[in-house]
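Step one of this worksheet: look at the structure below.
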Amino acid sequence: MPASRFALFMNLPTLVFLALVLAYPVAYAGYLSVHRVGLAQLRRGVFAFSGWENYGRVLTDPLFWTAIKNTLIFTAVTVGSEIVLAVMIALLINQTGIWTSRVTRFLILLPYAVPPIANGLIWTFIYSFQFGFLNRILLSTGLIHERINWTGVPDTALYAVAIPYVWRTLPFAIILVHAALQGIPRELYEQAAIDGASAWRRFWHITLPMLRQILAVILVLRTAFAFAVFEEILAITQGGPGDATWVAAWYSYKITFAPPNNFGMGSASAYILAFMIIVMAIFYMRVVYRRVTL
Amino acid sequence: MRAKSISARMLLHAANLMVIFFILLPLAAVFIGSIQSEKALQADTRRVLPLEFTLDNFMVILSKGQQKGHIFEQITYLPDNIKNFYAACANSAIIAVSVTFLTLLFGSFSAYTISRQRYKWMLFLLQANIVARFVPAIVLMIPLYVVMRSLGQLNSLQGVIFAETGFLLPYAILILAPYFDTIPTELEEAARIDGCTRFTAFVRIVLPLATPALAACGVIVFIISWHELLIPLILNARPDFMTLPVVIASLVGDVHVFFNLMMAICLLALAPTVILVALLQKYIVEGLAAGAVKG
């Protein structure tokens, strides 16, 4: 078999899957977004063309803009704190001769093993106003005297959801930074130590610049995924209290799958979300993901 | 490296303890929550560790609600989905194993050719894979629901397997491709001279050498599939086709379900992947790094 036909043969299954599960649904979502599609239309199988109506309704829906605002805050808070924490913890587990660092390194991947929906439910228990684990710890150690309603107050609910999300997704960032740390040549540090550079200067002038690439990777990947956060919202707050934790993916989900089941509007809002994320993806591909040859 | 001063060591130990506390907090909560009764939980709202332990929460789940133990004696209501625990486990396992197998099979085909051959359309394929990784699941699920509904494929395991495989293939290819780059081509060339076809050279020579990468990729795909909520939540609403995450999601907001019971089912759901991660940590770390940056 000639090489070119072999390549096609080997990629046929992937191409079929990409076409049926990715390309076609994306195109079809575009189709749905410019048609009027509710449950009744779904039953009959006839969708009336409605032009930009769905986009217009989404873009004039105050709840959509609340969801976008919450998504932006959520993304900024989680990604920002993850990058800072990932660098700090990666440096921490990279320490030699500190036995607790070895314990941390051993445990670091555990949150990755917890299903997101279970993680959400566990934190619902942690945050519970009456019976919650967190209030118990804080009360019994005397740090607080009154129970705190962590997720019930609009001002703090979004941050209360951000913490479980950071907990679950932080291992990924730590592992990438830790791997990148191994790639920094030792001689750089030895030379700097001979020159009498302080630990802080070594970090600022050697470690951080050498981590620039991996931090860009983490920034783009985590931003894209935080934009589509869903499970923790579903488990902990269901968008509440009020609309304090409505985020973009939750908006599309509720508009589509909760009565009155507006599939057209749901698709339009999901398209807007996807557009924002894809712009980031292309940036990632062009600037960050290293593919030297080919 | 210079020896660290005592105060620096203490500071590092303290920082480690804080990180360890943060990592273990939810795991402690789910464990402690699952081994006590609602009564014990409500009796003293300041107590962290319960006075008495019980396995009743697990027993009621594992006996499909038959053996109520003394906690649930008075309880008449148990969500049906909890009684479906074994079916949900089986569905989750069948889906995760099938998705892992299909993804590794087709993913290694693609990753191998992407690594070996340089055609224009393959560059495009690789780029499509990178972009595909970013497409949020919700965008795909709305049209997939409509399509599956019209095909009569809602509430089926194969529908979910198909969707998840398509969803995870791009990621698997990104994890595997850099690894195939590191396998020297001389071996396959020698096999070809000895009369192997391209395909048998790939299966007999290259794939065995790629076992570590396949392990890394396989365990990551298995974990993601075991954790996946949105795809089965939307496609499989009927109780007999629910996966574990869907069963857990169905308990959200049910005010009649005890926290303790929820924690017990969460613990049962997270146990398999926690064990996997504990055993195969090294592979997962390598796979995650390879999938994010071409190594």
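The set of residues in the range A:156-190 being free of Cβ contacts under 8 Å to residues at least 24 places away in the same chain and either among the acidic types (Asp, Glu) or part of a loop (DSSP other than H, G, I, E, B) (or both) consists of A:Pro185, A:Glu187, A:Glu190. Total residues in the range B:128-152 satisfying the condition of being more than 7 Å from every other protein chain (Cβ to nearest Cβ) and open to solvent by less than 10 Å² (accessible area, probe 1.4 Å): the figure is 2.
Taking the conditions exactly as written (under 23 Å from the mean Cα position of the chain (by Cα) and not aliphatic (A, V, I, L, M)), does A:Thr245 satisfy them or not? Spelling it out, A:Thr245 is indeed under 23 Å from the mean Cα position of the chain (by Cα) and not aliphatic (A, V, I, L, M). Taken together, the residues in the range A:47-76 that are closer than 15 Å to A:Ala244 by Cα and in contact (Cβ under 8 Å) with a residue 24 or more places away in the chain amount to 10.
Being within 25 Å of B:Thr103 (Cβ to Cβ) and either part of a helix (DSSP H, G or I) or among the aliphatic types (A, V, I, L, M) (or both) holds for only one residue in A:Phe74, A:Phe6, A:Phe64, and it is A:Phe6. Selection over the range B:197-206 of residues that are within 14 Å of chain A (Cβ to nearest Cβ) and either open to solvent by 40 Å² or more (accessible area, probe 1.4 Å) or at pLDDT 95 or above (or both) gives a count of 5. Total residues in the range B:255-280 satisfying the condition of being open to solvent by 30 Å² or more (accessible area, probe 1.4 Å) and either closer than 15 Å to B:Leu62 by Cα or at pLDDT below 90 (or both): the figure is 7. Among the residues of the range B:172-187, those identified as open to solvent by 20 Å² or more (accessible area, probe 1.4 Å) and not aromatic (Phe, Trp, Tyr) are B:Asp181, B:Thr182, B:Pro184, B:Thr185, B:Glu186, B:Leu187. The number of residues in the range A:111-135 that are surrounded by fewer than 21 Cβ atoms within 10 Å (Cβ to Cβ), facing chain B (nearest Cβ under 7 Å) and not polar (S, T, N, Q) comes to 1. When A:Thr66, A:Thr71, A:Thr100, A:Thr14 are checked against the criterion of being touching a helix residue (DSSP H, G or I) at 6+ places or on another chain (Cβ under 6 Å), more than 10 Å from chain B (Cβ to nearest Cβ) and either surrounded by 14 or more Cβ atoms within 10 Å (Cβ to Cβ) or more than 30 Å from A:Ala160 (Cα to Cα) (or both), a single residue qualifies: A:Thr71.
Screening the range B:58-99 for residues that are of a type in the set (Lys, Arg) and not in a helix (DSSP H, G or I) and picking the one that is most open to solvent (accessible area, probe 1.4 Å) gives B:Lys64. Taken over the range B:234-248, the residue count meeting the criterion of being buried (at least 24 other Cβ atoms within 10 Å of the Cβ) and in a helix (DSSP H, G or I) is 6.
Yes/no matrix, rows are residues, columns are (1) among the aromatic types (Phe, Trp, Tyr); (2) under 23 Å from B:Phe222 (Cα atoms):
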{"site": "A:Ile73", "(1), (2)": "no, no"}
{"site": "A:Gly80", "(1), (2)": "no, no"}
{"site": "A:Ile83", "(1), (2)": "no, no"}
{"site": "A:Ala86", "(1), (2)": "no, no"}
{"site": "A:Leu91", "(1), (2)": "no, no"}
{"site": "A:Trp99", "(1), (2)": "yes, no"}
{"site": "A:Leu107", "(1), (2)": "no, yes"}
{"site": "A:Ala113", "(1), (2)": "no, yes"}
{"site": "A:Ile117", "(1), (2)": "no, yes"}
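Residue count for the range B:139-175, restricted to those that are more than 18 Å from the chain's Cα centre (by Cα) and under 21 Å from A:Ile277 (Cα atoms): 6. Pairs meeting the criteria (first residue in the range A:1-14 and free of Cβ contacts under 8 Å to residues at least 40 places away in the same chain, second residue open to solvent by 90 Å² or more (accessible area, probe 1.4 Å) and among the aliphatic types (A, V, I, L, M), beta carbons under 9 Å, at least 6 apart or on different chains) are A:Phe9/A:Met1.
Do any residues in the range B:99-126 that are more than 7 Å from chain A (Cβ to nearest Cβ) have Cβ atoms under 6 Å from those of residues that are open to solvent by 20 Å² or more (accessible area, probe 1.4 Å) and charged (D, E, K, R), where the two are at least six apart or on different chains, and which pairs are they? Matching pairs, first to second residue: B:Ser115/B:Asp181. For the range A:143-159, a residue qualifies if it is open to solvent by less than 40 Å² (accessible area, probe 1.4 Å) and within 21 Å of B:Arg46 (Cβ to Cβ), and the qualifying residues are A:Ile144, A:Thr151, A:Gly152.
Evaluate the range A:265-273: report whether one residue or more is part of a loop (DSSP other than H, G, I, E, B), over 17 Å from A:Leu42 (Cβ atoms) and not acidic (Asp, Glu). No, the conditions are met nowhere in the range A:265-273.
For every residue, the table says whether it meets (1) at the interface with chain B (Cβ under 7 Å from one of its Cβ atoms); (2) in a helix (DSSP H, G or I); (3) open to solvent by 50 Å² or more (accessible area, probe 1.4 Å).
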| position | (1), (2), (3) |
| --- | --- |
| A:Leu221 | yes, yes, no |
| A:Glu232 | no, yes, no |
| A:Pro241 | no, no, no |
| A:Pro260 | no, no, yes |
| A:Met285 | yes, yes, no |
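The values are calculated or read from the model by the stated rules, or taken from the named source; none is laboratory data. All values reported here derive from a predicted model rather than from experimental measurement. Glycine also receives a Cβ, built like all others from the backbone with ideal geometry; neighbour counts cover every protein chain displayed. For the accessible areas, the whole protein counts, side chains as well, though only heavy atoms, and no ligand, DNA or RNA atoms are used. Shrake-Rupley method; radii C 1.70, N 1.55, O 1.52, S 1.80 Å.
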